Amino acid sequence: MFIEMHLIQNFAPSNLNRDDTNAPKDCDFGGFRRARISSQCLKRAVREAFRKTLTNIIPANNLAVRTKRLVQELSTKLEKTGKPTDQASLVAETVVKTIAKLKEKNLTDVLLFLGNDEINRMVSLCLENWETLEKLASNETPAKPEAASKKGKKDKDSSEAKDPIPKEITNGMLNLMDGGKAVDLALFGRMLASLPDKNIDAACQVAHAISTHKVNTEFDFFTAVDDIVTNSDDQGAGMLGTVEFNSACFYRYANIDLNQLKHNLSDDEDLTLKAIQAFVKASVKAIPTGKQNSMAAQNPPSFVLVVLRKSGLWSLANAFLKPVYVKQNSNDLATESVKKLTDYWAKLVNIYGDDEIIGKWFISLDLPENLNPTLSNAQSSSLNTLIDQIMGQITGNG
């Protein structure tokens, strides 16, 4: 089974997701310039919602972190068990080398996406093999320059020889990299070029959000006043500049392969159901953080349509190939976008049928007049009700 989410969300003037020039991201779609929010940005916002507002559904141990600072994280956790700081750092460095290359400041050469449970089990592995790892770490400590200069070539060569890390430790590190039942890792997947057998296929696809209408970037000229002025003749701004922004109504789309999700979570059915519930809620509540302190575009979606289907996937982005245009005395931009979305949905149902669709539910702030009958009896009274109805259908209690 698959779950699909279609959202219409209008943001006030903002710069939620910037490109390399600090301008709002955009793209060409249907021959017109559109505002865009990248899928990476949206997935990050969903993961932040998991960690900050949905811990009552998904506990921290069932979440993941993406970091280059695995040595630091392991070292900190080892210190909390009572291990000396210097030795904890050296041991952590030794075990991390079994799964990644280290660069300056003990940072891994790539971002590692690891479940919190995987990291905790790495700590346990270090503690179980502490004496061996401590000895290895001591042998790998480089000799001081002044001491090394006094040694002969033979001694230098022997000092560079390092005891190999026992296979049981190396294999132990690799074996525990199973995803750790981390919900966000199960949803969004993991790709490690150096360890391809530890890759995890994503259960979720997230599209770049695009504006339903054509958009132009605007510029905010700003000035900052110096609060401490020592000379009455010193007039003018202490700083000035420009910030680019836009205001756009976005169409957002995402889907989840429920079978893949359950597989990624080691066939834990209860956790899979919690992951679905959390993802739907987080997708609705998650808002990108770019330039929010100066823009405060905290605007929830105007329309959310969730579809449960046996197979086949429908993005409704082509509903907006022709940009939405708001005429004077007509509906607002969000309402017109909802109308175009639901009309396009009806066309797809008419041509391709709805045999694969198990259920559909929506919430809306303001329904357009004459809502297409293909969505009749699908309205939910609230987000919580919508989620309850979805979960009831999936578990057979709906």
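Every number here is computed from the coordinates shown, using simple stated rules; none is lab data. Predicted model, so just to flag it, every value in this text is computed and none were measured. Here Cβ is always computed from backbone atoms with ideal geometry, including for glycine, and neighbour counts include all displayed protein chains.
Taking loop as defined by DSSP and a crowding limit of 11 other beta carbons within 10 Å, which trypsin sites (Lys or Arg not before Pro) in segment 322-398 fit? Numbers along the way, then the final one.
Numbers: sites: Lys327, Lys339, Lys340, Lys347, Lys360; in loops: Lys327.
Passing sites in segment 322-398 are Lys327.
Run the reach check for Lys339 against aspartates and glutamates, Cα to Cα strictly under 15 Å, same-chain hits fewer than 8 apart removed. What comes back? Within reach: Asp366, Glu369.
Quick check: from the Cα gyration tensor, does the chain come out rounded (a/c under 1.5), prolate or oblate? Cα axes put the chain in the oblate bin. When the Gaussian network model of the chain links Cα atoms closer than 10 Å, the mean-square fluctuations of Asn264, Asn17, Asn139 top out at Asn139.
Considering only Phe222, Phe245, Phe113, the Gaussian network model of the chain with Cα springs below 10 Å gives its largest mean-square fluctuation to Phe222.
Measure up Lys68/Lys285; Lys262/Lys310; Lys68/Lys101; Lys97/Lys135 against 20 Å on the Cα-Cα distance and list the ones that go over. Don't skip to the end; give the middle numbers.
Working: Lys68/Lys285 28 Å; Lys262/Lys310 15 Å; Lys68/Lys101 10 Å; Lys97/Lys135 15 Å.
Those over the limit are Lys68/Lys285.
Subtracting the Cα-Cα distance from 0.36 nm times the residue separation, let me have the gained length for Met1 to Lys285 in nm, one decimal. Don't skip to the answer; put the middle values down first.
Numbers: separation 284, 0.36 × 284 = 102.24 nm, distance 2.39 nm.
This chain segment gains 99.9 nm when fully extended.
Be a star and scan segment 203-224 for residues whose amide nitrogen sits under 12 Å from the point 7 Å along the Cα-to-Cβ vector of Ile358. What the label zone holds, given the 12 Å backbone N cut-off, is no residue at all.
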